[in-house]
1. Among the helices (runs of 4 or more DSSP H) confined wholly to the stretch 1-98, which include 2 or more residues that are more than 30 Å from Leu114 (Cβ to Cβ)?
2. Applying the selection to the stretch 67-94, what residues are open to solvent by 40 Å² or more (accessible area, probe 1.4 Å), touching a helix residue (DSSP H, G or I) at 6+ places or on another chain (Cβ under 8 Å) and more than 16 Å from Thr44 (Cβ to Cβ)?
3. Can you tell me which of Leu225, Leu209, Leu191 is within 16 Å of the chain's Cα centre (by Cα) and surrounded by 13 or more Cβ atoms within 10 Å (Cβ to Cβ)?
4. Kindly evaluate Ala55 against the criterion of being more than 26 Å from Asp208 (Cα to Cα) and either among the acidic types (Asp, Glu) or modelled with pLDDT of 95 or more (or both).
5. Sort through Thr110, Thr95, Thr57, Thr70 and tell me the only one that's of a type in the set (S, T, N, Q), under 22 Å from Ala218 (Cβ atoms) and in contact with a Phe, Trp or Tyr (Cβ under 8 Å, 6 or more places away or on another chain).
6. Output the residue which, of all residues in the stretch 99-114 that are open to solvent by less than 40 Å² (accessible area, probe 1.4 Å) and not in a loop (DSSP other than H, G, I, E, B), is farthest from Ile5 (Cα to Cα).
7. Only one of Leu160, Leu155, Leu178, Leu182 is crowded, with 16+ Cβ neighbours inside 10 Å, of a type outside the set (D, E, K, R) and modelled with pLDDT under 95. Can you tell me which?
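The values are calculated or read from the model by the stated rules, or taken from the named source; none is laboratory data. Quick caveat: nothing in here was measured; it's all calculated off a predicted structure. No Cβ is skipped: glycine too gets one built from the backbone with ideal geometry, and neighbour counts run over all protein chains shown. SASA here: full protein model, heavy atoms, side chains in, ligands and nucleic acids out. Shrake-Rupley method; radii C 1.70, N 1.55, O 1.52, S 1.80 Å.
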Amino acid sequence: MTLLIIRHAESVENADKYNGFYQDPRPYSGAAAHRISSSLVGLTPRGFRQAQWLAETLPDHIQHEPRVYTSTYRRAIDTAAIALPSLPDGWPQQTPLLDEQHYGDATYMTKRELYDTYPELAEDRRQRKHIWTAPGGGESLAKGVTQRAADFTALARTALRTPGTVIAFTHQTAAVALRALLGDLPLPEILAEERKGKLPNAAILHYDLHGDRFSRTAMTTPPPL
């Protein structure tokens, strides 16, 4: 009984982050920035190749009929559509439990603009990123994202009451929360690893379920494409 956590393939935001999305001053509101991030940001040509690599790779790791979930963000939905094009009706299922961290009014703000606009939040953002709560309806990694990760983990356990594979297409920050939760590790430890090197786009984290506990067995990363 296996859980595969997959970070979406490379998006146009990943590839051109500081030339297009983060402008100073930001030319749109926080709400508009969030709509751009969730609804408009798709895959790069390299991202399409990564998703095609997933289509070639995943069959070797799938047992029985997979239960496939994606976030509600376009880049995760598109990755799943290319990676698993022949799923039965009703799959994949979209769930906000796998969404990227909601940055609220801070979405696509540069650090300078963020710190100048919300100076009272600057110290947490600099030193305690896991507890920093994004302003204007956003969430923190330690509470909002981690609670969603816990809820998804419960969903996965339920789905795996019958043998098979659960596949989750998600985002870097949500993957951080899932890694900490499934590995029973503190968030700052995972964030320290992420500072050395983020989970690559289209990487696959493999977990096996034994009793009520998940244990990580492997990480598969795509070749340079």
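1. 45-57, 74-83
2. Residues satisfying the conditions are Thr72, Pro85, Pro92, Gln94.
3. Working: Leu225 fails: within 16 Å of the chain's Cα centre (by Cα); Leu209 fails: within 16 Å of the chain's Cα centre (by Cα).
Exactly one of Leu225, Leu209, Leu191 is within 16 Å of the chain's Cα centre (by Cα) and surrounded by 13 or more Cβ atoms within 10 Å (Cβ to Cβ), namely Leu191.
4. Numbers: more than 26 Å from Asp208 (Cα to Cα): no; either among the acidic types (Asp, Glu) or modelled with pLDDT of 95 or more (or both): yes.
Judged against the criteria, Ala55 is not a match.
5. On the way: Thr110 fails: under 22 Å from Ala218 (Cβ atoms); Thr95 fails: under 22 Å from Ala218 (Cβ atoms); Thr57 fails: in contact with a Phe, Trp or Tyr (Cβ under 8 Å, 6 or more places away or on another chain).
Unique residue meeting the criteria: Thr70.
6. Out of the qualifying residues, it is Glu113.
7. Leu160
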